[in-house]
Amino acid sequence: QVQLVESGGGLVQAGGSLRLSCAASGRTFSNYAMGWFRQAPGKEREFVAAISWSGASTYYTDSVKGRFTISRDNAKNTVYLQMNSLKPEDTAVYYCAARGLKATMNPLGYDYWGQGTQVTVSS
C-alpha cells in the first residue's frame, strides 16, 4: 500500500503561481511513477502531468506545457507540481497518483490516489 497526501492548493488570481506537493508513505516511493490529475465540477478526471520513477522522464498535457513543471524528490518521498501563469480554466481538484510501472496518462493505470487538493483561479 502507498498512502498519498496532497497539499498546497488554494485561491490565486489569474497569472499567479502555486506549488502542489504530494507526500507518499508506505512502500518504496522510488519504485513508483507518479502522476497529477485534475477534475473540475461536472467534468471527467483528466491527466495533467507524470514523472518516471527516476525523474528522468516527464509528460504533460498540452494545455499546461510551458506553465507547469512536475518534479520529485525521492529522498523526501514527495512529488511536486509547480504551476505558473495560472488560468481560470485550471480551477479543479488536483490529485496525485502512484503507479508501479512506467508512467502513463491514463488514470485507470494508477494504483493509488490521494484525497485531492482544491485549486481555484480567479479572473
- All conditions in (1) in contact with a Lys or Arg (Cβ under 8 Å, 6 or more places away or on another chain); (2) crowded, with 16+ Cβ neighbours inside 10 Å are true of S52 except (2)
- Item | Residues within region 61-72 that are closer than 18 Å to G8 by Cβ and open to solvent by less than 50 Å² (accessible area, probe 1.4 Å), tallied | 6
- Query: So G66 fits all but one of (1) in a strand (DSSP E or B); (2) out of contact with any strand residue (DSSP E or B) (no Cβ under 7 Å at 6 or more places or on another chain); what number is the exception?
  - Reply: (1)
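The values are calculated or read from the model by the stated rules, or taken from the named source; none is laboratory data. Just so we're clear, the structure is a prediction, and the values are computed from it rather than from any experiment. With ideal geometry, Cβ positions are generated from the backbone for all residues, glycine too; neighbour counts draw on all protein chains shown. Ligands, DNA and RNA are excluded from the accessible area calculation, which covers all protein heavy atoms including side chains. Shrake-Rupley method; radii C 1.70, N 1.55, O 1.52, S 1.80 Å.
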